[in-house]
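Please read the structure below before turning to the comments.
Nothing in this text is a laboratory measurement; each read-out follows from the coordinates by a stated rule. Remember, predicted model here, so these are calculated numbers, not experimental data. Methodologically, a virtual Cβ is constructed for each residue, glycine included, from the backbone with ideal geometry; neighbour enumeration extends over all protein chains shown.
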Amino acid sequence: MSTPASTPAPVQIVEVSPRDGLQNEKGFIETADKLALIGRLVAMGARRIEVASFVNPRRVPQMADAEAVVAGLPDVPGVRYIGLCLNERGVDRAIASRDGGARGLDEAGCVLVSTDRFGIINQGQSIADGIIANTAMLKKARAAGLYAQVTISAAFGCPYEGQVPAARVVDLAARMADAGAEEIALADTIGVGVPSQVGDLTGAVIEKIRGVPVRLHLHDTRGLAPANAWAGYMAGCRTFDSALGGLGGCPFAPGAAGNVGTEELLYLFERSGVASGIDLDKAVAANRWFATIMGRALPSRVGKAGDFIIEGKRA
């Protein structure tokens, strides 16, 4: 008697287009358009959305309206909103978003850079300084009732120091887990990772910090982000960042291209029998709507081609 094949474990997609997707755009995107984008992401099924970063607006002008965006967020049951925080002042601003009974944010996303040189350029911190700062930030965020998570930036390669030792990344993940991080993300900030590397490092971190969820944040600089996502999935990762249309880039990381497109991940996982809870057709429609706001086609290839349809039916 044959045994039915088990259903593949579902994935969770964290939509980062309102923050990471837009932060590098030179022309300011109006607050109302950012909120309309967030509304479309919710409508297509996204349930965790990174909506703003609490950074110095002189360094990242696109995030100058962070408080206004957070104040206008739709209050939808089951949807969680994330604010990026690079220092304790950022955590304070995230906490303040809940003042007066406001809906505010649900999560504080902290960042620990995996190399000294990139950390000093990006955040003015060495690795050692970053560990101290993030430990304090996690404590403050959790005490205020925010879900506190840490992204290890440049985990697969640094724009200034080159290859990053895997053992260092595993150690940093363990240190942040010990400091109270409720989730650890590994970021391919400049899109240099390859599937074997992504699978090996993801698996090593999952093994090291058992019980703490691991997330992948992939950029598609060299076209390998979907393959890297699959390698991460096969290694046990179940949560992935992505941006509608493949938007994004880091102002402090030379050569960084956009995030892996949400449409790419949805197509990859859906065609592989892996549920995400997000509607690909609605994502493609949102892509084409937002392209009119941006005044240009968005990079996502699946956003341009759409799903695999033959004679009006999904193949």
Debye intensity ratio in log₁₀ form over the Cα atoms of the chain, taken at each q of 0.07, 0.09, 0.12, 0.16 Å⁻¹: -0.25, -0.41, -0.75, -1.40
Could you line up 221, 262, 189, 151 from fewest to most neighbouring Cβ atoms inside 10 Å? 221, 151, 189, 262
Using 0.36 nm per residue of separation minus the Cα-Cα distance, give me the extension gain between residue 163 and residue 196 in nm, one decimal. 10.4 nm
Can you give the percent of C-alpha pairs in the stretch 212-281 whose distance is more than 18 Å? 35
What is the pair-distance distribution P(r) of the stretch 1-130, computed from all Cα-Cα distances in 5 Å bins starting at 0, with each bin given as a whole percent? 2, 10, 18, 20, 18, 12, 8, 5, 3, 2, 2, 1, 0, 0
Please tell me which of these pairs span more than 29 angstrom C-alpha to C-alpha: 140/208; 34/313; 26/140; 34/282? 34/313; 26/140
For the chain, set up a Gaussian network in which alpha carbons nearer than 10 Å are linked by springs, and say which option among 264, 161, 50 fluctuates the most. 161
Amide H contacts of residue 12 (H built 1.01 Å from N, under 5 Å, at least 5 apart or other chain): 239, 240
State which helices in the chain qualify, where a helix is a whole DSSP H run, it must extend 15 Å or more along its own axis by its Cα atoms, and its mean Kyte-Doolittle hydropathy must be at least -1.0. 31-44, 127-143, 166-178, 195-208, 280-294
Å³ per residue enclosed by the Cα convex hull of the stretch 184-315: 117
Amide H proximity to residue 23 below 5 Å, modelled H, separation 5+ or other chain, gives none
Top of 119, 100, 303 by mean-square fluctuation, Gaussian network on the chain, Cα under 10 Å: 100
Taking just the alpha-carbon atoms of the stretch 139-246, what radius of gyration and Dmax come out, in angstrom? 13.4, 40
What is the log10 of I(q)/I(0) for the stretch 73-211, computed with the Debye formula using one identical point scatterer on each Cα and no solvent, at q = 0.10, 0.13, 0.17, 0.19 Å⁻¹? -0.34, -0.56, -0.90, -1.06
Once amide H atoms are built 1.01 Å from N in the peptide plane, which residues 5 or more positions from residue 113, or in another chain, come under 5 Å H to H? 153
Counting other C-beta atoms within 10 Å, which of 156, 290 has the fewest, and how do the rest follow? 290, 156
Under 15 Å from the Cβ of residue 27, count the other residues' Cβ atoms, weight Lys and Arg +1, Asp and Glu -1, and hand me the total. -1
